[in-house]
Number of protein chains: 4
Amino acid sequence: MFETTLRVQYFDTDKMMVMHHANYIRYFETARTEYIRAEGMSYADMEKEDFQMPVLAVEVEFKEPAVYDEEIVIGCRISKLSHASMEMEYEVRSKENGKLHAKGKSRHGFTNRALRPVPLKKKQPEMYAFFKRLHEESSEEK
Amino acid sequence: MFETTLRVQYFDTDKMMVMHHANYIRYFETARTEYIRAEGMSYADMEKEDFQMPVLAVEVEFKEPAVYDEEIVIGCRISKLSHASMEMEYEVRSKENGKLHAKGKSRHGFTNRALRPVPLKKKQPEMYAFFKRLHEESSEEK
Amino acid sequence: MFETTLRVQYFDTDKMMVMHHANYIRYFETARTEYIRAEGMSYADMEKEDFQMPVLAVEVEFKEPAVYDEEIVIGCRISKLSHASMEMEYEVRSKENGKLHAKGKSRHGFTNRALRPVPLKKKQPEMYAFFKRLHEESSEEK
Amino acid sequence: MFETTLRVQYFDTDKMMVMHHANYIRYFETARTEYIRAEGMSYADMEKEDFQMPVLAVEVEFKEPAVYDEEIVIGCRISKLSHASMEMEYEVRSKENGKLHAKGKSRHGFTNRALRPVPLKKKQPEMYAFFKRLHEESSEEK
């Protein structure tokens with residue numbers, strides 16, 4: 001599983017003294033961006049080629065809250081891939097002790113800039129091949 | 001279904017030119033707070049009585065993106081209630097034409113300020129009765 | 001001074017138990033948008049006419065922190081207007097007792113969508129006349 | 001000047017296609033936290049000793065907008081120090097070409113957790129000595 005490490009900022013916390021739950025979904029986004037970069041592409045470049053992958057659905061289970069200034073490790077993998085969409089899975093853990101803070105999923109459509117569906121395999125075969133490789137690697141290492 | 005109306009702010013948007021998906025979860029929070037207030041209690045007061053209802057899980061399905069300056073109506077109901085937790089359901093619609101932007105759920109534990117579970121029915125029977133009434137009304141109107 | 005009322009949300013707070021300071025700047029934005037709307041135009045429509053007013057500078061003095069669930073009143077006026085830019089002033093007060101939470105300023109350039117300066121008086125005289133009226137009213141009522 | 005590097009996230013952008021201006025103030029916070037850590041203390045630990053430094057004022061001048069996925073370098077120094085407060089200065093630059101995106105200042109009071117002023121030099125001389133060293137180093141390198 002690809003992993004990226006972040007630190008919980010003061011502005012991430014709320015008066016419950018923990019990271020606000022909506023911010024996990026923001027950091028899922030950071031993790032998938034860094035995953036794509038680490039594997040050799042860039043979501044920013046993909047956008048320049050008239051490709052986007054808007055979030056169709058997201059879910060999170062919160063286990064133990066992350067706290068201010070804590071380093072958290074966000075794991076990310078591609079759990080499903082079709083010609084028109086993909087699903088990613090995430091785990092957020094404490095860097096210090098590996099405890100699970102949260103886990104979740106996001107489902108993404110493949111679209112152009114105008115948010116119209118794009119049959120990725122046909123229209124952008126290199127991008128599709130890229131996601132296919134990540135999906136296969138994700139499946140193997142599971 | 002209880003409804004509250006909000007307007008999508010500039011700071012809510014992202015470069016996809018729509019409201020960023022994580023913000024729906026923030027506005028679910030606004031909706032449930034206003035629901036509680038509209039029914040005669042206040043989450044702020046509940047917190048003063050050493051009660052909290054942290055989010056245990058959240059899920060959202062995104063249908064059609066909300067755009068800048070659009071008025072959105074967030075519907076909210078209690079879909080499940082037990083002695084230790086509850087589930088709420090949400091719908092986000094365009095105020096103008098009623099189109100569904102997103103729907104979702106959140107699950108909440110009942111805890112004290114230290115985030116320890118509280119058997120609500122026993123410890124704060126009035127609060128439990130309040131949520132029970134909302135749950136019953138939510139079920140009837142469905 | 002034009003005034004708009006907002007309620008401090010849970011997601012606005014941080015572990016200092018007050019509204020996070022950066023959020024005042026977000027709500028300045030809400031106030032100026034509502035000010036423009038209340039006076040008969042809409043910033044969303046202005047954008048459709050290839051006009052934008054990016055923030056060139058912002059400053060805030062924080063007096064007394066706003067807390068969760070508190071209703072705050074944000075006052076807004078146009079304090080300076082030139083052909084190429086304008087300055088707005090803000091006051092954030094407690095709705096309950098009028099106490100000052102913060103005051104601030106923002107300076108805006110007049111540009112097109114590509115963020116190139118636009119001589120507003122020449123290029124969009126109606127918009128300039130609109131801001132001029134607001135500026136004059138702001139000056140009179142001071 | 002102490003420097004920390006961050007990457008502009010998708011959720012940081014707005015429909016103007018650049019980083020939303022309020023987020024600079026969030027990242028000033030990140031920079032000062034990392035500055036304190038790099039110099040051998042931790043703001044999280046300071047808070048545990050009943051110390052806080054709430055923001056009394058903030059100002060930013062925006063020069064050139066930062067864009068999605070860009071790496072930005074935030075420089076940070078202590079520009080003024082008194083027994084009861086301090087001022088910090090920031091510069092946000094493009095990592096790639098050093099261009100200035102924004103510069104700003106923040107003023108902080110020294111308080112306890114209850115947000116009451118604390119005469120730092122008397123009450124927490126080690127903390128005061130720490131900030132004094134940073135201030136002196138900041139002045140020398142200027």
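The values are calculated or read from the model by the stated rules, or taken from the named source; none is laboratory data. What you see is a predicted model, and the numbers here were worked out from it, not measured in a lab. Reconstructed Cβ throughout: ideal geometry from the backbone, glycine too, with neighbour counts over all protein chains shown. Ligands, DNA and RNA are stripped out before the accessible areas are found, and what is left, the full protein with its side chains, is counted by its heavy atoms. Shrake-Rupley method; radii C 1.70, N 1.55, O 1.52, S 1.80 Å.
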Enter the angle in degrees (range 0 to 90, nearest 10) between the Cα long axis of helix C:125-141 and the first principal axis of the Cα atoms of chain C, meaning the one along which they spread out most.
40
A correct Kirkwood calculation over the Cα atoms of the range B:18-142 returns a hydrodynamic radius in Å of 15.2
Run the numbers for B:Glu39 and B:Asn112: contour at 0.36 nm per residue of separation, minus the present Cα-Cα distance, in nm.
24.1 nm
Eligible lysines near A:Lys48 by straight Cα distance, threshold 25 Å, same-chain separation 8 or greater:
A:Lys80, A:Lys121, A:Lys122, A:Lys123, A:Lys132, B:Lys15, B:Lys63, C:Lys48, D:Lys15, D:Lys63, D:Lys95, D:Lys99
Helix-only estimate, please: 222 nm mean residue ellipticity of chain B, summing -39500 (n - 2.57) across DSSP H runs of length 4 or more and dividing by its residues, to the nearest 500.
-9500 deg cm²/dmol
Tell me which residues come under 5 Å, amide H to amide H, from A:Val118 once H is placed; ignore anything under 5 positions away on its chain.
A:Phe110, A:Thr111, A:Asn112
What's the carbon and sulfur percent of the range B:1-73's accessible surface, probe 1.4 angstrom, rounded to a whole number?
46
From the label point of B:Lys48, set 7 Å from Cα along Cα→Cβ, how far away are the matching label points in the other copies, in nm, ordered shortest to longest?
3.3, 4.6, 5.6
Net charge of Cβ neighbours under 11 Å - reference C:Glu49; Lys, Arg +1; Asp, Glu -1
-1
Chain C - percent relative contact order, Cα under 8 Å, separation 6 or more
27
Applying the Karplus parametrisation 6.51 cos²θ - 1.76 cosθ + 1.60 with θ = phi - 60° to the phi angles of the range A:108-118, what ³J(HN,Hα) value in whole Hz is obtained for each residue in order, glycine and proline being reported as x?
10, x, 9, 9, 8, 4, 7, 6, 8, x, 10
In the D-onto-A rotation, chain D's nearest residue to the axis by C-beta, with distance in whole Å, turns out to be D:Leu6, 5
Across peptide B:26-35, what mean number of C-beta atoms from other chains lies inside 10 Å of a residue's C-beta?
3
With the label 7 angstrom out along Cα to Cβ, how close does B:Ser139 come to the same site in each of the other copies, in nm, nearest first?
4.4, 6.6, 7.1
Rounded tilt (10° steps) of D:22-38 against the dominant C-alpha axis of chain D
50
Cβ-placed point charges (K, R +1; D, E -1), dipole of the range A:1-71 about Cα centre in debye, nearest 20:
140
Find, among the chymotrypsin sites (Phe, Trp or Tyr not before Pro) in the range A:15-112, those assigned to loop by DSSP (not H, G, I, E, B) with at most 15 other beta-carbon atoms within 10 angstrom.
none
Let me check I've understood the local charge: for D:Lys123, count other residues with C-beta under 14 angstrom from its C-beta, Lys and Arg +1, Asp and Glu -1. What total comes out?
+1
Put a point 7 Å out from Cα along the line to Cβ at C:Ala114; what are the distances to that point in the other copies, in nm, shortest first?
2.2, 6.0, 6.3
Along the three principal axes, how long is the protein assembly as shown when you take its alpha carbons, biggest first, rounded to the nearest angstrom?
56, 54, 48
